[in-house]
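To start, the structure itself, in structure tokens.
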């Protein structure tokens, strides 16, 4: 059948997760067409667990569609109940494009302020420091000086 083999416990978990889902793919009178396969594949890539509604009264035809969908999409058949088919395939990890021009974002810094008498505990403050700010030795937040980018602006 398909490449993915699940234990009964895993199949039960997927059935429970699919209970509240709505069908995202519908198979009409034309049957299992290339467009239906393409949409089911896209839905499996996006969601992993999908329901498919079949508008056919023939149970054997629905079972054949269920097996064929599972085989062609390399998905695990989870459940066939009435006119609903449930398929599962692990979602592939999404590739994130790493940007070289990316600058650091805001960060949270803890600052300790000691008491002047020494009898009290130091106070801890959490401060958000943005990209153009820095913390001085005294615990003050200072902004970076503005750079003059234009000769005309520096002349005025």
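The values are calculated or read from the model by the stated rules, or taken from the named source; none is laboratory data. These numbers were taken from a predicted model, which means no experiment stands behind them. Here Cβ is always computed from backbone atoms with ideal geometry, including for glycine, and neighbour counts include all displayed protein chains.
Go through the residues of the stretch 95-106 one by one and say whether even a single one is out of contact with any helix residue (DSSP H, G or I) (no Cβ under 7 Å at 6 or more places or on another chain), under 30 Å from residue 18 (Cβ atoms) and not assigned by TED's automatic domain parsing to the domain that holds residue 15.
yes
Which number in (1) without any contact (Cβ under 8 Å) to a residue 60 or more places away in the chain; (2) farther than 14 Å from residue 66 by Cβ; (3) more than 21 Å from the chain's Cα centre (by Cα) marks the one condition that residue 41 misses?
(3)
Of all the strands (runs of 3 or more DSSP E) wholly in the stretch 51-127, which have at least 1 residues that are surrounded by 12 or more Cβ atoms within 10 Å (Cβ to Cβ), modelled with pLDDT of 90 or more and within 25 Å of the chain's Cα centre (by Cα)?
Once the strands (runs of 3 or more DSSP E) in the stretch 51-127 are filtered for at least 1 residues that are surrounded by 12 or more Cβ atoms within 10 Å (Cβ to Cβ), modelled with pLDDT of 90 or more and within 25 Å of the chain's Cα centre (by Cα), what remains is 76-81, 84-88.
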